[in-house]
Amino acid sequence: MPIQINRSHVIAILIALLLVVWVVSGDAAEPDVADRPLNNQETSFKVGYEVFVPTQKASNVRISAHISANRSVDVVAEINGKVTALPLKRGAHVNQGDTILEVDQRDIPAKLKQAKARLEQRQLETASVRNLYERGLTNQSAIASAEAELAEAEAIVTRARLDLEATQVKAPFSGVYDQRFVELGEYASVGQTLVRVIDNATMLVKGSVSENNIQQIRKGTEAYAILPDEGRLDGSIRFIASSADPKTRTYAIEMEVSNTAVPLFDGQTVTLFVPQGMVDAYFVSSSLLIITENGGLGLKVITADDIVAVEPVSILSAETNGIWIQGPTGEQRIITVGQGFVKVGDHVNAVLLHKEEASQS
């Protein structure tokens, strides 16, 4: 009787034979594989870089600032009384001593007249006592008493005269009558703010500089400011604070404006630039910037040994398609592809990219 061989059995036998052949061939090939360490090319992460050649550009310490008048004074009421006259309009130019506002004099002129009469009386009485003393008809105590009453009368006259002068609120210096805080007929109390006068003959640019840049600025240094409408103001640094603001750790700085042909307004926002000379600058994409360990900005670069390093940088200026940075010098191999996958000190497989390749990546 013929032996019946199941088809599935045949397939199983064939698979077993193939396994045997694979195991035998593997053992035979194993001696041909030599144990060796992998080289850097095989273990390093691949990154793309571009070679950036620096361009000489002007470097500046850039400071957010504002326009400020040289002086701004709020004039307060020195006596109580009703506002009786406003001879000038706000915004008018005033000279030192011009009357800006008047307060009701009430009985002050009469008090001054009375005080002057009393003073004259005291002067005559004092002269009489001195005459008697010289003739030996009175003593030193009488003279002292008369002179004390005379001094009191002089003080009363002075006080009445000052009160009368205080009814005429005058400009403390030449400038602009900028604000009024009371209306005609309003009662003003001593110490109440009445008007504001601004000295706009000299305008200042005021800002605050960080402690990282304070050493780069000197008093007398030529500087300039740019207005929101791109207008330029030239001047020189006239003040640098010696102590920092305890809250912001920044130092107050002032530039005196030398060209006042452009209309300026107190409080106007500007950007102050303090030139630092020419430096090596690089035009890069802002996406390449990283935050360094000390909180500054940096770029990941590749050294000559293909090691990842970080170059601290600062921003010179910004454009629509990139930024100008400074910090490094000379040609730089800047990582443009894969920088997020490597860290400082890593050895990388560096691949030079052309501008087209980098933009496509």
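Is the stretch 228-285 rounded, prolate or oblate when judged by the Cα gyration tensor, a ≥ b ≥ c being the square roots of its eigenvalues, rounded requiring a/c under 1.5 and prolate requiring a/b larger than b/c? Verdict is oblate for the stretch 228-285. Charges were assigned to the Cβ only: +1 to each Lys and Arg, -1 to each Asp and Glu. The resulting dipole of the chain about its Cα centre is roughly 1220 debye. A straight Cα-to-Cα reach below 19 Å connects Lys82 with the aspartates and glutamates Asp74, Glu102, Asp104, Asp107, Asp163, Glu165, Glu183, Glu186, residues fewer than 8 places away in its own chain not being considered. For the chain, relative contact order (Cα pairs under 8 Å, six or more residues apart, normalised by length) works out to 26 percent. In the chain, inverting the average of 1/r over every pair of distinct C-alpha atoms gives 29.8 Å as the Kirkwood radius. Kindly list the residues of the stretch 48-89 that lie in the label zone of Thr260, defined by a backbone N under 13 Å from the point 7 Å along the Cα-to-C-beta vector. From the stretch 48-89, the list is 68-72.
Here is what passes the span test in the chain: the DSSP H helices with alpha carbon length of 24 Å or more along the helix axis and a Kyte-Doolittle mean of 0.0 or above are 7-29, 140-166. Once the Cα-Cα distance is subtracted from the 0.36 nm per residue extended length, the Ala155 to Asp305 segment shows a gain of 45.1 nm. If you build a Gaussian network model of the chain, linking Cα atoms that sit under 10 Å apart, which residue out of Gly136, Gly175, Gly91 swings the most? Among Gly136, Gly175, Gly91, the largest GNM mean-square fluctuation belongs to Gly136.
Taking Lys247, Lys170, Lys343 as the candidate residues, the one with maximal mean-square fluctuation in a Gaussian network model of the chain, Cα springs under 10 Å, is Lys247.
Full extension of the segment from Ser286 to Lys89, taken as 0.36 nm per residue of separation minus the current Cα-Cα distance, would add 65.7 nm.
Using a Gaussian network for the chain with springs between C-alpha atoms less than 10 Å apart, which of these wobbles most: Ala127, Ala252, Ala350? Comparing Ala127, Ala252, Ala350 in the GNM, the peak value goes to Ala127. Between Val53 and Ala201, what's the calculated FRET efficiency when r is the beta-carbon distance and R0 is 45 Å? Round to 0.05. Approximately 0.40, to the nearest 0.05. Here the simple spin-label model places points 7 Å from the Cα toward Cβ, and for Glu134 and Ala241 these points are separated by 6.4 nm.
Accessible area per residue for the stretch 44-92 is 54 Å², calculated with a 1.4 Å probe on protein heavy atoms, without ligands, DNA or RNA. Between the stretch 132-189 and the stretch 219-297, the alpha-carbon centres lie 50 Å apart. What do you get for Rg/Rh of the stretch 201-264 when both radii come from the Cα atoms and Rh is the Kirkwood radius? That ratio is 1.00, to two decimals.
Extension gain, Thr248 to Thr329: 0.36 nm times the residue separation minus the Cα-Cα distance gives 26.0 nm. Projecting the Cα atoms of Met255, Thr292, Val103 onto the charge dipole of the chain (Cβ charges, centred on the Cα centre) puts Val103 farthest toward the positive pole. Between Ser44 and Lys82, the simple label model (points 7 Å from Cα in the Cβ direction) yields a spacing of 9.1 nm. I'd like the distance separating the alpha-carbon centroids of the stretch 79-106 and the stretch 326-342, in whole Å. Cα centroid to Cα centroid, the span is 66 Å.
The values are calculated or read from the model by the stated rules, or taken from the named source; none is laboratory data. Bear in mind that the values here come from a model prediction, so they are computed numbers and not experimental data. Virtual Cβ from ideal backbone geometry, glycine too; neighbours counted across all protein chains shown. Only protein heavy atoms, including side chains, enter the accessible area calculation; ligands, DNA and RNA are left aside. Shrake-Rupley method; radii C 1.70, N 1.55, O 1.52, S 1.80 Å.
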